[in-house]
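Q: First the structure, then my questions, so here it is.
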Amino acid sequence: MRLCFESTHFCATLILILGLVGLSWQTEYCRNLSAIESMTQTELIQELTNECRYDKMIRPPGEINVNDPVKVWARAYIYTIKSNMAKTLQFAVQLMLQFRYVDTRLRYKDIAPNRDKIIGGKKIHDWIWTPSVYVANEHNSVTMGESVKDLLLSIDSSGMVILNTRLEANLNCALHLEKFPFDVQECPLVFESWTYNLKDMVLEWDEVPIILADELHLTEYKLMGQWVNTTNVTYTSAEQHYGHFAGNFSSIKITFKLAREMGFFIMDYYIPSILIVVLSWVSFWLHMDASPPRIVLGTNTVLAFMTLASKVENSLPKVSYIKASEVWFLGCTIFLFAAIIEFAFVNTIYRRKKNVPLKKVNSKYILKSTLTPKLARKQFQKNTGIERSRSWSSLDNVNEKVYTSQNYLTIHSFPSTINVPTLKVEDEKDFSVGSAVTIDSNPSPPPAPEPILRRRGTLAQLNTFTTMTPQEIAQWIDRRSRILFPVAFLLFNILYWSFIWI
């Protein structure tokens, strides 16, 4: 340096010599690529990606125009789909993802025409530019091109780069459980550009975007179909200095249509619950006063069904809407509790002491008189003027006794010496419709008809009312329950399964 200050000519000469040496070294360093025919694959890729001519931080130029965005074509090979969505709202996918794009800076067709491909792994990946893509709906996000494993790269002579990477992703899936466990879910797998917006990189699906493995393994669900689409995602920035990361980014998506396998739920939930409900109907064939067996049967069926249903419901997330499994649970619970309530009602009636008056022997009047026995008894006394406590099954005997005690006539005396005729009733049973009366003595004026009319009105009123003992009413309710409960449960099943399959 002191010499340079002392002699300007010497310094200029020294700088010129150093410049010529540096230029010669750079020329040797970035030598002409046409002279590398005999290089190995590693030497070739090293020369192609030499820092003097290749910058991996800069995206490849467009195929037609340099400023055009680079197009990256994608394809997915699906190996396995695992699902535990009912509880975690996630499903796992194992796949191999393939990206294909052209980087003209890596073209070696003219300098190594005899070389077919350059194949390598992680080492070549560190030397060249690769698209930065991430899984948008993954539970644990992974960025393609950085934190990846099992990489395989191939570069052909035209600069076509094919990047293959294996990926196992746990994906979030928003479930719709209105028809659980007969639900069909549509779960996406979304890939988005991480670094480059639409001006620099565009993601597209290949001609054959999805290839499924021959032995695709699924658990709990079966794959009904899959489809792909391409969209753009827009991000806005609240701060100006984050503006580079805002804008429109390219996105591609795979949608899997998954239908739940219902065999488990049919065999382990629905059929056992149907049998439990049917078992509760055995109570209707037991004696009305058999309290211990009917109570044990009713409580055991309820507890068994609650235990069965809890295993299914505990494996589901808590949602705000009603699921089909909850409708089934509620329906079966109502039938089980109704069987217990029916026994309590029947047993209470069976222990009553007073008979129940009925206007007619049918469901309407039996239930009305049973539920309001005092009101029915008052109405009975008001209409008939008498109180009866006789079984409806012995109605004929009652009528005979009533007729016997009521078949009499009141004979008014006349102002004469005519003897009172002797009356004889030929048929007491027919007297209710007008008995024939014969006079043994001489004819005399007919008796007044008022007593006969009064008696006929009383018997007509008696024929419209009867009574049933509490034991007969309890037995009548049990017999009707044997038919009503199965028919109602059958209608419930028809409505439920119609909703499921519609």
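Q: Suppose R0 equals 56 Å; then what is the FRET efficiency for Thr299 and Asn170 from their Cβ-Cβ distance, rounded to the nearest 0.05?
A: 0.80
Q: Could you sort 66-79, 44-57 so that the peptide with the highest average Cβ count within 10 Å comes first and the rest follow in order?
A: Ranked from most to least packed, the peptides come out as 66-79, 44-57.
Q: Please work out the C-alpha center-to-center distance from segment 200-225 to segment 260-318 and express it in whole Å.
A: 42
Q: Determine how large the accessible area of His176 is when every protein chain is in place; take a 1.4 Å probe and give Å² rounded to the nearest 10.
A: Rounded to the nearest 10, the figure is 120 Å².
Q: By the gyration tensor of its Cα atoms, with a ≥ b ≥ c the square roots of the eigenvalues, what is the shape of segment 152-251: rounded for a/c under 1.5, prolate for a/b over b/c, or oblate?
A: Oblate, since a/c reaches 1.5 and b/c is not below a/b.
Q: Using the beta-carbon distance between Glu220 and Val282 and R0 = 41 Å, what value does 1/(1 + (r/R0)^6) give for FRET efficiency, to the nearest 0.05?
A: E between Glu220 and Val282, to the nearest 0.05, is 0.70.
Q: Report, in debye and to the nearest 20, how large the dipole of segment 247-330 comes out about its Cα centre when Lys and Arg carry +1 and Asp and Glu carry -1 on their Cβ.
A: 380
Q: Once all Cα-Cα distances of segment 204-343 are split into 10 Å bins that start at 0, what whole-number percent is in each one?
A: Spelled out bin by bin, segment 204-343 gives 9, 23, 18, 17, 13, 10, 7, 3, 0 percent.
Q: Using R₀ = 30 Å, calculate the FRET efficiency as 1/(1 + (r/R₀)^6) where r is the Cβ-Cβ separation of Gln46 and Thr195; round to 0.05.
A: 0.75
The values are calculated or read from the model by the stated rules, or taken from the named source; none is laboratory data. These numbers come from a predicted model, not from an experiment. No Cβ is skipped: glycine too gets one built from the backbone with ideal geometry, and neighbour counts run over all protein chains shown. Only protein heavy atoms, including side chains, enter the accessible area calculation; ligands, DNA and RNA are left aside. Shrake-Rupley method; radii C 1.70, N 1.55, O 1.52, S 1.80 Å.
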